[in-house]
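Undergrad: Next up is a structure, given as structure tokens.
The values are calculated or read from the model by the stated rules, or taken from the named source; none is laboratory data. These numbers come from a predicted model, not from an experiment. As a convention, Cβ positions derive from the backbone with ideal geometry for all residues, glycine included, and neighbour counts pool all protein chains shown. These area figures cover heavy atoms from the full protein model, side chains too; ligands, DNA and RNA do not enter into them. Shrake-Rupley method; radii C 1.70, N 1.55, O 1.52, S 1.80 Å.
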Amino acid sequence: MIKAKDVSHSYNKDIALKNINLEIKKGEFISIVGKSGSGKSTLLSILSTLLKPISGEVFFENINSKNIKDIDSFRQKNIGFIFQFHYLINYLNIKENIQIANEKATLQEIEKLLDLLEIKSIINKYPNEISGGQRQRAAIARALINKPKIIFADEPTGNLDSKNSKNIFKIFKKLSKKGTTIIVATHDLNLASKTDKTYEVNDGQL
Ligand SMILES: Nc1ncnc2c1ncn2[C@@H]1O[C@H](COP(=O)(O)OP(=O)(O)OP(=O)(O)O)[C@@H](O)[C@H]1O
Ligand SMILES: [Mg+2]
């Protein structure tokens, strides 16, 4: 499904990733762990085509990402993102924030997803009216509403207590069993142990 071949990256002169080779199968639930600054977010950004590596290639179902003509629409159609910081839009309520990702989503679909994430009661609230953990779950709902084939999540449970974190991982597990490919960067080794495979990034090396 996703393949990285000899991927290296540096910001200015600092090397962030060295020669990463990685293959992720359809429906796999992968975790990426490693110390702060080790390169996890950089790797997710490159695998998800948001960042171009200085060398190496990323393939989606054997198609080189460099050869994908309209990369923005490819991303929109296939990839769901959950970022380290949630990036909800402050002047839109939670329902509207989710509709931004999929304007065709029905109220029923949105409510079902919010219910799954245990935040149905905040559907009409604005981001500054809810807690950090609720915001994070709203951002997860926004990433899932399109039913993407691939989900990239960077510290999706960073603001959540252990009960909610476990729930998010359970939801990911269920999605992966239905064929969604999921790649999560996390500091939480206990949660990482619940995934199919864990990679450790150490000083830019896998
Ligand atoms: N935009 C940037 N400009 C310059 N250097 C950067 C930038 N983003 C990351 N880096 C550097 O690249 C290296 C890897 O950073 P990255 O954000 O990938 O680490 P991380 O493993 O995600 O860390 P954390 O666990 O703190 O989120 C670090 O040395 C970092 O300082
Ligand atoms: Mg990071």
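Undergrad: Consider segment 188-206. How many of its residues are touching a residue at least 40 places away in the same chain (Cβ under 8 Å), within 14 Å of ligand 1 (Cβ to nearest atom) and assigned to a loop (DSSP other than H, G, I, E, B)?
TA: Result for segment 188-206: 4.
Undergrad: Please indicate, with yes or no, whether at least one residue in segment 41-48 is open to solvent by 20 Å² or more (accessible area, probe 1.4 Å), in contact (Cβ under 8 Å) with a residue 60 or more places away in the chain and in a helix (DSSP H, G or I).
TA: yes
Undergrad: Of the residues 20, 63, 46, which single one is on the phi < 0 side of the Ramachandran plot, in contact with a helix residue (DSSP H, G or I) (Cβ under 7 Å, 6 or more places away or on another chain) and aliphatic (A, V, I, L, M)?
TA: Just one listed residue meets the conditions, 20.
Undergrad: Mind telling me which of the residues 125, 170, 174 ends up being at pLDDT 95 or above and either within 25 Å of residue 3 (Cα to Cα) or of a type in the set (D, E, K, R) (or both)?
TA: So the residue among 125, 170, 174 that is at pLDDT 95 or above and either within 25 Å of residue 3 (Cα to Cα) or of a type in the set (D, E, K, R) (or both) is 125.
Undergrad: Go through segment 59-86 and give me each residue that's away from ligand 1 (no atom under 16 Å from the Cβ) and in a strand (DSSP E or B).
TA: 59, 60, 63, 64, 79, 80, listed by residue number.
Undergrad: On to the next question. Residue 164: over 27 Å from residue 49 (Cβ atoms) and in a loop (DSSP other than H, G, I, E, B), yes or no?
TA: So residue 164 does not fit the description; no.
Undergrad: Take segment 126-165 and flag every residue that is charged (D, E, K, R) and surrounded by fewer than 16 Cβ atoms within 10 Å (Cβ to Cβ).
TA: Passing the criteria: 129, 147, 161, 163.
Undergrad: What pairs can you find where one residue is in segment 11-35 and modelled with pLDDT under 95, the other is within 16 Å of ligand 2 (Cβ to nearest atom) and open to solvent by less than 100 Å² (accessible area, probe 1.4 Å), and their Cβ atoms are less than 6 Å apart, with a gap of 6+ or different chains?
TA: 15/204
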